[in-house]
1. Taking only C-alpha pairs under 8 Å that are 6+ residues apart, what is the relative contact order of the stretch 317-439 in percent?
2. Testing the spin-label approximation: label points 7 Å from Cα along Cα→Cβ at Glu52 and Glu87. State their distance in nm.
3. Among His372, Thr346, Ala458, which residue has its Cα positioned farthest towards the positive end of the charge dipole of the stretch 340-460, with +1 placed on the Cβ of Lys and Arg, -1 on the Cβ of Asp and Glu, and the dipole taken about the Cα centre?
4. Would you list Trp65, Trp466 from the most to the least accessible area, probe 1.4 Å?
5. When you count, for each residue, the other Cβ atoms within 10 Å and take the mean per peptide, how do 109-117, 414-422 rank with the highest first?
6. Note down the accessible area of Thr287, probe 1.4 Å, to the nearest 10 Å².
7. Shape verdict for the chain, please, from the Cα gyration tensor: rounded (a/c under 1.5), prolate (a/b greater than b/c) or oblate.
8. Which order do you get for Cys150, Cys77 if you rank them by accessible area with a 1.4 Å probe, largest at the top?
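The values are calculated or read from the model by the stated rules, or taken from the named source; none is laboratory data. All values reported here derive from a predicted model rather than from experimental measurement. Backbone-built Cβ (ideal geometry, glycine too); neighbour counts: all protein chains shown. Note: areas computed on protein heavy atoms with side chains; ligands, DNA, RNA excluded. Shrake-Rupley method; radii C 1.70, N 1.55, O 1.52, S 1.80 Å.
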Amino acid sequence: MNHDQARYGDDDRYESLLSEKDTTTVEVDGKSPLPDDLTRDSLELPGLSEPELSRHYTRLSQMNWSVETGPYPLGSCTMKYNPSFTEDVAADPNGSVHPDRSEESVQGTLELLYGLQDYLARIGGMDAVTLQPPAGAAGEFTGIMIAKACHEARGDPRSEVIVPASAHGTNFASAAMAGYDVVELPSGEDGRVDLDALEAAVSEETAALMLTNPNTVGLFERDIAEIADIVHDAGGLLYYDGANLNALLGRARPGDMGFDVMHYNVHKTFATPHGGGGPGAGPVGVTEELAEFLPRPHVRERDGRYELYDPERSIGKVHGYQGNWLVLVKAYAYIARLGDSGLKDTSAKAVLNANYLAERIDYDIPYSPFHHEFAATAGERDAADVAKGMLDYGVHPPTTKWPEFVPEAMLTEPTEAESKASLDDLANAFDAAMADSEEELEAAPSKTTARRIDQADAARNPQLSWRALGEEE
Ligand SMILES: *Cc1c(COP(=O)(O)O)cnc(C)c1O
């Protein structure tokens with residue numbers, strides 16, 4: 001008697017299901033066409049009923065923190081609550097079209113993609129947008145490849161990309177992957193770009209400056225017009241890292257500040273789920289001059305019909321088909337539902353919430369005035385210990401120890417989604433953890449499913465499958 005029979009008895013229905021299942025291997029002359037080392041005779045799966053399976057995954061989800069169970073104030077990555085209506089829209093069966101279908105038969109799909117290109121272009125103040133890159137980091141790489149193609153087309157290839165020290169690690173990686181030498185720009189005294197340092201860093205080798213605005217500690221680069229002039233006068237392009245666009249929605253546009261190319265993190269700014277490596281989307285917006293280099297194919301409208309075409313000097317493909325389609329559907333739904341006034345309200349509340357929370361907690365905040373996020377310092381305490389302590393007070397802690405120029409940083413971004421009551425809970429947890437003794441903090445967390453874990457090891461050697469865990473045991 002095999003495992004499945006033991007569970008289900010001799011019910012004929014299951015017998016027939018099982019034998020159907022057994023016929024899925026393709027046999028050619030009694031032999032599988034697959035190489036021997038890729039085939040197996042049996043597959044050991046845990047024999048579980050649906051309720052058991054459901055309980056297993058529900059229990060696992062309850063062992064974890066998520067934005068569905070409490071505030072998730074991670075600085076840098078906007079981790080906002082993802083309203084579930086976007087999931088309903090994405091689950092519409094009409095959305096499940098095969099990407100190889102003819103253009104004529106997917107006009108609605110193309111219309112939505114075209115509409116999202118247009119929304120994003122208007123929000124960013126850009127002339128054209130590609131939806132293909134599957135993440136912010138992929139958008140950075142795409143944007144820098146577009147800048148490179150532009151310099152090459154001008155007959156002026158360049159070798160350097162300037163990145164502020166406080167930038168997200170992916171900026172350095174994207175520039176290096178595109179073949180550039182990375183020039184690191186130290187932060188000025190006030191936490192912003194130091195214009196003298198920038199003047200000294202630019203040269204005829206400068207392909208681009210990559211900038212986040214507001215920056216990592218939430219400060220708006222007030223000298224952005226001057227920064228743009230310095231970079232443009234040197235023949236470089238200005239790249240906008242859109243991860244902090246949540247602070248500006250409906251109020252200010254990178255295109256108007258002089259940026260030539262930017263990415264949008266739709267899974268941050270536009271509330272599509274995010275984390276665990278994807279899927280996300282990192283559309284890229286460019287000025288008219290750069291539009292001919294966009295990835296192919298691109299969606300355009302002609303006489304009321306939507307079609308795909310290859311931009312003249314396209315850098316090629318950066319993802320299959322149009323990118324992560326269902327993530328794009330959710331972003332479209334979110335923008336369409338909020339509209340102009342809703343988006344403007346989002347940035348107002350994001351900034352208000354960060355400022356309210358900062359005012360409520362008893363921490364030093366070295367850099368201000370900040371917008372949607374702030375870097376508090378744990379001072380004499382170890383920021384990571386304080387964060388572990390906060391877990392015991394029932395909230396998720398902020399990002400710790402980054403950026404490095406803020407000692408014992410606790411980089412906090414509550415987002416617009418939190419109510420005053422949940423901000424108060426968060427503030428109480430900040431202060432309660434700070435008031436705990438050294439011993440208590442070192443032993444924290446004690447009320448979570450997993451206690452102190454080896455974070456580096458967990459990141460480097462994740463065990464993501466049942467089989468890997470079994471082998472370990
Ligand atoms: C999240 C983030 C990125 C990278 O975006 P992903 O979508 O995670 O690849 C880049 N820059 C900043 C400032 C970010 O916060």
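1. Rounded, it is 26 percent for the stretch 317-439.
2. The modelled label-to-label distance comes out at 2.6 nm.
3. Farthest towards the positive pole: Thr346.
4. Largest to smallest exposure gives the sequence Trp466, Trp65.
5. 109-117, 414-422
6. The value for Thr287 is about 40 Å².
7. Note, shape of the chain comes out oblate.
8. Details: Cys150 5, Cys77 35 Å².
The residues order as Cys77, Cys150, largest area first.
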